[in-house]
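Participant: Structure incoming, see below.
The values are calculated or read from the model by the stated rules, or taken from the named source; none is laboratory data. It should be emphasised that the depicted structure is a prediction, and the values quoted were computed from it without experimental measurement. Using ideal geometry, Cβ is built from the backbone for each residue, glycine included, and neighbour counts are taken over all protein chains shown.
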Amino acid sequence: MLKKISLSQILAYLFLIVLCFAWVIPVLFGFSTSFRSQTEVVTSGFRLLPANWIFDNYTAILQNTSTAPILRWLGNSLFIAILHTALVVVVISITGYGYSRMNFKGRDTLFFTLLGISFFPGVVNLIPSYKIIDALGWVNTSLAMIIPGLAGMGNIFLVRQFMKGIPGELDESARVDGAGDFRIYFSVILPLIKPVLIVCGLFSFVGSWNDFLWPVIVYTDVNKMPVTAGLLLLQDIYGNYRMIGQLMGSAMLAIIPTLVLFLFAQKHFLSSINLNSGIKG
C-alpha cells in the first residue's frame, strides 16, 4: 500500500530540491572550470562540463611554490584548525561545567552578560583585537588564529544547556564517594557530553578553516598564510580572466579537508545534533 504524501510534504521536497541545486551547481561549475583550458573558459560561456578535460591547471598550481604555495597554505590551515578545535573543546567543556554545575555568586549574571555581549557584530572588535595581537607579537603567527575565539559564548551556551539535562544526583553520588569538582568533571560529566562536544568541535573546525577576514588582517607573510588568505592573494595572481582555471583549481583544493571531514563525521554529526539528548532524571 502506497503511503499518501501530503501537499505540505511535496512542497517541502520541492523546496529542498531547489535549494540543493542552488548549492550544488556553483560547486560543480567551479569544479569543471578547474579542468578547462583558459581559451575554453573565456569562449564557452556557461557550460556545466568542459569540452576537453585537462589537468594543466592543477599541475601549474602544485608547481608554483614561490608566489602561491597552495600545499603550504593547506598545511597551515590544517594545523591551525586542528589545534584550535582541540583547545575549543577543552575550554568550552570546562567553562560549561563551571556555569552549569558550580555555584558561585553572580554566576548567571556573568554568563548572560557575556552572552549578550557576544551578540555584538564581530567587526566591532577587529581593531581592538588586532591591537592586542600586535602587542603580544602574534602577527604572522599561528597563535593569532588559534587563541582568539576559544571561549565562544555560543559553544559555551550549548554545552551549559546540555549539562543542565544531566541529573545533579550523579554529582552528589560522586561527592559522597569523595570526588572533587575536577574528578566529577573528568569522570562523570565529560563522558556524557561527548555528543555536544562533537557538534561544537565540527562547527569550530569548519569555522576556523573558512575564516577569511581575520587571516587577511593578521597575515602578510605568504608562507605563513592559511588557505583562505592565500585565495585572496590568488585573485591578483590568477584573476582578471587570466588564469581562471587555476584559481578555481585552488578553490577546489581548499574545500577538500572540510568535504572529507563531513563524509567521515556525518554519522556522528547527525546522531549528535539532538542537543536535548542528555540524561534526564
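Participant: Within the range 26-39, take every residue that is of a type in the set (Val, Ile, Thr) and over 22 Å from the mean Cα position of the chain (by Cα) and give me the one that is modelled with the highest pLDDT.
Facilitator: Step one: of the range 26-39, the residues of a type in the set (Val, Ile, Thr) are 27, 33, 39.
From what is left, the residues that are over 22 Å from the mean Cα position of the chain (by Cα) are 33, 39.
On the way: 33: 86, 39: 81.
The selected residue is 33.
Participant: Which residues, taken from the range 188-237, are among the small types (Gly, Ala, Ser) and more than 24 Å from residue 158 (Cβ to Cβ)? Before the answer, list the steps.
Facilitator: Here is the first cut: in the range 188-237, the residues among the small types (Gly, Ala, Ser) are 201, 204, 207-208, 229-230.
The answer is 229, 230.
Participant: Any idea how many residues of the range 26-41 are among the hydrophobic types (A, V, I, L, M, F, W, C) and closer than 15 Å to residue 56 by Cβ? Spell out the reasoning first.
Facilitator: Taking the range 26-41 and keeping what is among the hydrophobic types (A, V, I, L, M, F, W, C), we get 27-29, 31, 35, 41.
Applying the additional criterion that residues be closer than 15 Å to residue 56 by Cβ yields 35, 41.
Selection size over the range 26-41: 2.
Participant: Which of the residues belonging to the range 140-154 are in a loop (DSSP other than H, G, I, E, B) and within 14 Å of residue 221 (Cα to Cα)? So that I can check it myself, show each step before the final result.
Facilitator: In the first step, residues of the range 140-154 are kept if they are in a loop (DSSP other than H, G, I, E, B); the result is 140-142, 147-152.
Correct list: 140, 141, 142.
Participant: Taking the range 63-94, which residues are loosely packed, with under 14 Cβ neighbours inside 10 Å and part of a loop (DSSP other than H, G, I, E, B)?
Facilitator: 65, 66, 67
Participant: Run residue 179 past the list (1) crowded, with 16+ Cβ neighbours inside 10 Å; (2) without any contact (Cβ under 8 Å) to a residue 40 or more places away in the chain; (3) within 25 Å of the chain's Cα centre (by Cα) and report the number of the one that doesn't hold.
Facilitator: (3)
Participant: Taking residue 23, is it under 25 Å from the mean Cα position of the chain (by Cα) and aromatic (Phe, Trp, Tyr)? Before you say what the answer is, go through the steps one by one.
Facilitator: Values: under 25 Å from the mean Cα position of the chain (by Cα): yes; aromatic (Phe, Trp, Tyr): yes.
When the stated conditions are applied, residue 23 passes them.
Participant: Please go through the range 1-41 and pick out each residue that is without any contact (Cβ under 8 Å) to a residue 12 or more places away in the chain and of a type outside the set (A, V, I, L, M).
Facilitator: Matches in the range 1-41: 3, 4, 6, 8, 9, 13, 15, 20, 21, 23, 26, 39.
Participant: Another question about this same structure. Tell me, which residue of the range 237-281 that is aliphatic (A, V, I, L, M) and part of a loop (DSSP other than H, G, I, E, B) is modelled with the lowest pLDDT?
Facilitator: Taking the range 237-281 first, the residues aliphatic (A, V, I, L, M) are 237, 243-244, 247-248, 251-256, 259-261, 263, 265, 270, 273, 275, 279.
Add one more test, that the residue is part of a loop (DSSP other than H, G, I, E, B), and what stays is 243, 273, 275, 279.
On the way: 243: 79, 273: 56, 275: 52, 279: 45.
Across the range 237-281, the extreme among qualifying residues is 279.
Participant: Looking only at the range 145-168, which residues are touching a Pro at 6+ places or on another chain (Cβ under 8 Å) and more than 14 Å from residue 93 (Cβ to Cβ)?
Facilitator: Just the residues of the range 145-168 that are touching a Pro at 6+ places or on another chain (Cβ under 8 Å), to begin with: 145, 162.
145, the sole residue that qualifies.
Participant: Follow-up. Restricted to the range 195-226, and to residues that are within 18 Å of residue 27 (Cα to Cα) and hydrophobic (A, V, I, L, M, F, W, C), which residue is modelled with the lowest pLDDT?
Facilitator: Of the residues in the range 195-226, the ones within 18 Å of residue 27 (Cα to Cα) are 206, 209-210.
After this cut, where a residue has to be hydrophobic (A, V, I, L, M, F, W, C) as well, the list is 206, 209.
Working: 206: 90, 209: 93.
In this case the residue turns out to be 206.
Participant: Tally up the residues in the range 32-52 that are of a type in the set (Phe, Trp, Tyr) and surrounded by fewer than 16 Cβ atoms within 10 Å (Cβ to Cβ), please.
Facilitator: First, the residues of the range 32-52 that are of a type in the set (Phe, Trp, Tyr): 35, 46.
Those still in the list that are surrounded by fewer than 16 Cβ atoms within 10 Å (Cβ to Cβ) too: 46.
Residues in the range 32-52 being of a type in the set (Phe, Trp, Tyr) and surrounded by fewer than 16 Cβ atoms within 10 Å (Cβ to Cβ): 1 in total.
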